[in-house]
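The values are calculated or read from the model by the stated rules, or taken from the named source; none is laboratory data. It should be emphasised that the depicted structure is a prediction, and the values quoted were computed from it without experimental measurement. Virtual Cβ from ideal backbone geometry, glycine too; neighbours counted across all protein chains shown.
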Amino acid sequence: MEHPGIDRIKNGYRHFAEGHHEEFGRLFAADAVWHVRGDTPLAGDKVGRDAICSFLRTLAEDTHESFMIEVHDVLANDEHTVVLAHTTAKTDEGTYTADEVHVFRTRDGEITEAWGFTSDPSGCGKFWF
């Protein structure tokens with residue numbers, strides 16, 4: 001039997017792909033934190049469900065809705081959900097594509113913290129800024 005966190009996150013990513021960022025945002029606790037690593041203006045902690053949804057909407061808008069995450073696998077237990085994915089995004093200036101790992105800490109079925117790790121950190125920084 002599959003862990004319920006797997007289905008929850010797959011549905012969340014589907015909502016994100018369809019542009020329903022608030023639906024994806026409902027997976028997050030009201031006080032959740034999304035940690036964005038790096039040295040670009042995107043970096044820093046996004047604190048709270050509203051800030052996380054706004055951040056995700058900005059990613060979609062800045063890439064003219066081309067931001068696409070292809071989920072390869074999802075691993076989950078009661079405390080963590082891990083997504084192995086391939087991300088592609090386009091702007092007028094170029095294309096970013098990389099393998100990524102998204103780690104979510106969960107409590108009572110809600111995401112309380114999130115981190116993203118890319119196989120191409122320098123490419124990510126150059127793409128976004």
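Miscellaneous remarks
- Selection within the range 59-78 - touching a residue at least 24 places away in the same chain (Cβ under 8 Å), among the hydrophobic types (A, V, I, L, M, F, W, C) and not in a strand (DSSP E or B): Leu59, Ala60
- Any hit, the range 38-51, residues being closer than 17 Å to Thr88 by Cα, among the β-branched types (Val, Ile, Thr) and out of contact with any strand residue (DSSP E or B) (no Cβ under 8 Å at 6 or more places or on another chain): no
Matching residues to (1) under 14 Å from the mean Cα position of the chain (by Cα); (2) closer than 17 Å to Asn11 by Cα:
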| site | (1), (2) |
| --- | --- |
| Leu59 | yes, no |
| Thr63 | no, no |
| Leu75 | no, yes |
| Thr81 | yes, yes |
| Leu84 | yes, yes |
| Thr91 | no, no |
| Ala98 | yes, no |
| Val103 | yes, yes |
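- Exclusive hit being assigned to a strand (DSSP E or B), more than 20 Å from Glu65 (Cβ to Cβ) and out of contact with any Phe, Trp or Tyr (no Cβ under 7 Å at 6 or more places or on another chain), set Thr81, Thr106: Thr106
- Test for Ala98: is it closer than 23 Å to His3 by Cβ, assigned to a strand (DSSP E or B) and touching a strand residue (DSSP E or B) at 6+ places or on another chain (Cβ under 6 Å): no
- Scanning the range 1-31 for residues that are small (Gly, Ala, Ser) and either in contact with a helix residue (DSSP H, G or I) (Cβ under 6 Å, 6 or more places away or on another chain) or assigned to a loop (DSSP other than H, G, I, E, B) (or both), we see that the one that is farthest from Thr88 (Cα to Cα) is Ala30.
- When the range 86-95 is filtered for residues that are in a strand (DSSP E or B) and either surrounded by fewer than 16 Cβ atoms within 10 Å (Cβ to Cβ) or modelled with pLDDT of 95 or more (or both), the ones remaining, listed by number, are His86, Thr88, Thr91, Gly94, Thr95.
- One residue from Leu56, Leu42 being surrounded by 14 or more Cβ atoms within 10 Å (Cβ to Cβ), part of a helix (DSSP H, G or I), in contact (Cβ under 8 Å) with a residue 12 or more places away in the chain and in contact with a helix residue (DSSP H, G or I) (Cβ under 8 Å, 6 or more places away or on another chain): Leu56
- All positions within the range 59-81 that are within 12 Å of Ile6 (Cα to Cα) and surrounded by 16 or more Cβ atoms within 10 Å (Cβ to Cβ): Val74, Ala76, Thr81
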